[in-house]
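Okay, handing you the structure first.
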Amino acid sequence: MSVLEQIMGIREASCRWGLPPEDIRRLCREGRLQAILLDGEDGPWVLLKDQPNPVTGEPTPRQQQRTNADKASYMSTKLLDALYE
């Protein structure tokens, strides 16, 4: 999967999660979403697609399809990262 298939903009996030674009921007500024701001304060936000709905916590369709092995591997990686910080 290419990098471009893993990211989305404010408009797509708004449609995906059923939230107004202003709310998505606010959540990005507050650090409640995995996102980065490109080109300074006036640039566009780029968000990861593979994250749960910020309001309901519901997983994205791709997250729902993860197998138990994928989940265990993901959690192991996160745990090791946390231990070595």
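The values are calculated or read from the model by the stated rules, or taken from the named source; none is laboratory data. Computed from a prediction, not measured in an experiment: that's the story for all the values here. Methodologically, a virtual Cβ is constructed for each residue, glycine included, from the backbone with ideal geometry; neighbour enumeration extends over all protein chains shown. To get the accessible areas, we keep the full protein, side chains included, count just its heavy atoms, and leave off ligands, DNA and RNA. Shrake-Rupley method; radii C 1.70, N 1.55, O 1.52, S 1.80 Å.
For a quick check: with amide H placed at 1.01 Å from N, whose amide H comes under 5 Å from LYS49's, ignoring anything fewer than 5 positions away on the same chain?
Answer set, sorted by chain and number: ILE7, MET8.
A further question follows. For ILE10, ILE24, give me the order by solvent-accessible area with a 1.4 Å probe, most accessible first, ignoring ligands, DNA and RNA.
Details: ILE10 20, ILE24 0 Å².
Accessible-area ranking of ILE10, ILE24, largest first: ILE10, ILE24.
By accessible area of protein heavy atoms, probe 1.4 Å, what ranking do LEU48, LEU27 get, highest first?
In descending accessible area the options line up as LEU48, LEU27.
I've got another one for you. Could you give the length gained by full extension between VAL46 and CYS15, i.e. 0.36 nm per residue of separation minus their alpha carbon distance, to one decimal place?
Full extension from VAL46 to CYS15 adds 9.7 nm.
Shifting gears a bit: Nearest 0.05, what FRET efficiency do ARG26 and GLU5 give at R0 = 30 Å with Cβ-Cβ as r?
Values: r = 26 Å, r/R0 = 0.87.
Working from the Cβ atoms, E equals 0.70.
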